[in-house]
Each structure stands twice: as structure tokens, then as C-alpha cells.
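The values are calculated or read from the model by the stated rules, or taken from the named source; none is laboratory data. All of these numbers come straight from a predicted model, not from anything done at the bench. Glycine also receives a Cβ, built like all others from the backbone with ideal geometry; neighbour counts cover every protein chain displayed. Only protein heavy atoms, including side chains, enter the accessible area calculation; ligands, DNA and RNA are left aside. Shrake-Rupley method; radii C 1.70, N 1.55, O 1.52, S 1.80 Å.
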Amino acid sequence: MQRDQGSGADAESAGRRGRGLVVAVDGPGGSGKSTVSRAVARRLGLRYLDTGAMYRAVTQLALSTRTDIEDADALAQLAERAVITCGTDPDAPTIAVNQVRVDAEIRTRAVTNAVSAVSAVAAVRRRLVAQQRQIIEATVEEAGGIVVEGRDIGSVVAPDAPVKVFLTASTEERALRRSRELGERGEDDVARTLAELGRRDQLDSSRSVDPLAKAPDAVVLDSTGMSADEVVEQVLKLCAKAGFAVPAASSPGRPA
Ligand code: DC
């Protein structure tokens, strides 16, 4: 997607003018990153990358091959050899490991509870961050841009992204959303999800390599009490402010 030259993106460096749009969406689990990122990508006709799914895919592979998730060297080797393939259509994102689709498998509670340990391994991160950068570069070239969600996109993976959002919500609301996603209904389930989310937040924020962090130039959006549509509109406003053309809601942009 080319910058809308008429809207005066004067705050942006000349070096980035005319290049594609990368929207970095970071934040803790359950903050609504996936829903919002996919909707923004659809509206702008861009691609979509869920980097969390990549960490989940390595974790799923570790569990299915009985690799010790406390063994950093074993995980590093596993990640080095694994071929992870990400489909970046926001309407139907996909993930495969060694040519096998694992879209459902990566969402199990077992993977969710083990993924923080795997994503804390520096060599695993190096490998996946390199692949994420390649995907971003290729899709900017092919489709004009991409919306990328994760924990370290604005700070590490794409520090030059013209639009950076740090999406958050209260812990209670995030747990409720996660529980709903998992098809849970009971209060005990929500309490359990809340406890697990708290543990994962703590691990993701305190790890020594690329922890969950708000980039200094990211805009914080607290989605507590907001609908997904309202958050999407806020992100689109940031894209327009950065000088990119945003099509009206009734005419969703698609890549030419
Ligand atoms: O967004 P998610 O819940 O699917 O992410 C799964 C895990 O992967 C989460 O515990 C944090 C980690 N993660 C990460 O460390 N860096 C990213 N860019 C994305 C996810």
C-alpha cells in the first residue's frame, strides 16, 4: 500500500515514504489482537501474520515429539529444523509444521500452558524473528503491507513499522474473552483461565529475551469495554494519520 501523499504524513521520515504499510499490534493474551488485526488487514487489503501461532507451532512440535520443554538446546535444534509455513490471508490464516497443518492443535490448553517456556528460548526467538522479517518483507513487496500481531513486533521484529499499537484490556476482561474463545461457560473455567493468563503475562513480561514490551513510539489502546469495531476504527485512524489511505467501511480494500 502506497502512502496517501495528499494527507500530509510530514512526521514520517523520507526514507520510509512510499514503502508498504506495516501495522505492528502488540499486547498481552486476550487483549483482542487477533480479531482487531485481522479486521484491520481486511479493511486495508493487507496480509496478516500471527507470530504467536509460530511460537505455538514450535511448542506443539515439542510436545508431539516429547521434547523436554525445559531443555533449551533441544528446543533450539527443533526450531532450527522445523519448517513453519504461515498462510497470511486475514480471512483464513493457516499454520503448518513440516507440511502438516496444525491450526487446531496449537490452540489446545497443553500448548497454551507450555508456549511461554518455549518462547523464552533465545535461539527459538532468533529463528522465528528472522522468518517473521522475511515474511514481512515479502508481503510488503507483494501485497503492499501486512498487519503483524505479537509481543515484540514494534520493539524488535519491525521497529520501523509506520503504525504501532499496544493493545491492552483489564485482566478480567481478557480472561473472559479467552474463556469464550475456548468455548467455556462456567465460573470455575473463567477463574482457571484468569490464573493461567496471569502466569503467562508474568512469564512473557519477565523473560530476558525480547519480553512483551510497548515500543516507545507505540500508541496504547485500552480495549476494556470497547467493541472490536471501535478498536478497529481507532487503529485505522492511526493508519490514516500516518498517511495511508483508508477505504470507507462499505468498500473493503483488496489487493489489486
Ligand atoms: O498471542 P498468543 O497467545 O498466541 O502467543 C502465544 C505465546 O507466544 C505467548 O505466550 C507469548 C509468545 N509470543 C512471543 O513471545 N512473541 C511473539 N511475537 C508472539 C507470541
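General observations
- Pairs of alpha carbons in the stretch 26-100 whose separation is greater than 18 Å (percent): 48
- On the beta carbon distance between Ala92 and Val220, with R0 = 30 Å, the FRET formula returns roughly 0.50.
- Coupling constants for the stretch 216-221 follow from the phi torsions by the Karplus curve (6.51 cos²θ - 1.76 cosθ + 1.60, θ = phi - 60°), and in residue order they are x, 9, 7, 9, 7, 10 Hz; glycine and proline get x.
- For the chain, average projected area of the Cα convex hull in nm²: 13.6
- For Val163, the residues whose amide H sits under 5 Å from its own are Val22, Ala24, ignoring neighbours fewer than 5 places away on the same chain, with H placed 1.01 Å from N.
- Between Gly150 and Val25, Asp26, Gly27, the built amide H atoms are under 5 Å apart, and every one of these is 5 or more places off in sequence or on another chain.
- Carbon plus sulfur fraction of accessible area for the chain, probe 1.4 Å, in percent: 51
- For the stretch 160-223, trypsin sites (Lys or Arg not before Pro) are listed when DSSP marks them as loop and at most 10 other Cβ atoms sit within 10 Å of their Cβ; the list is Arg185.
- Percent RCO, i.e. relative contact order, over the stretch 71-172, from Cα pairs under 8 Å lying at least 6 residues apart: 17
- Heavy-atom surface of the chain, accessible at 1.4 Å and reported per residue (Å²): 47
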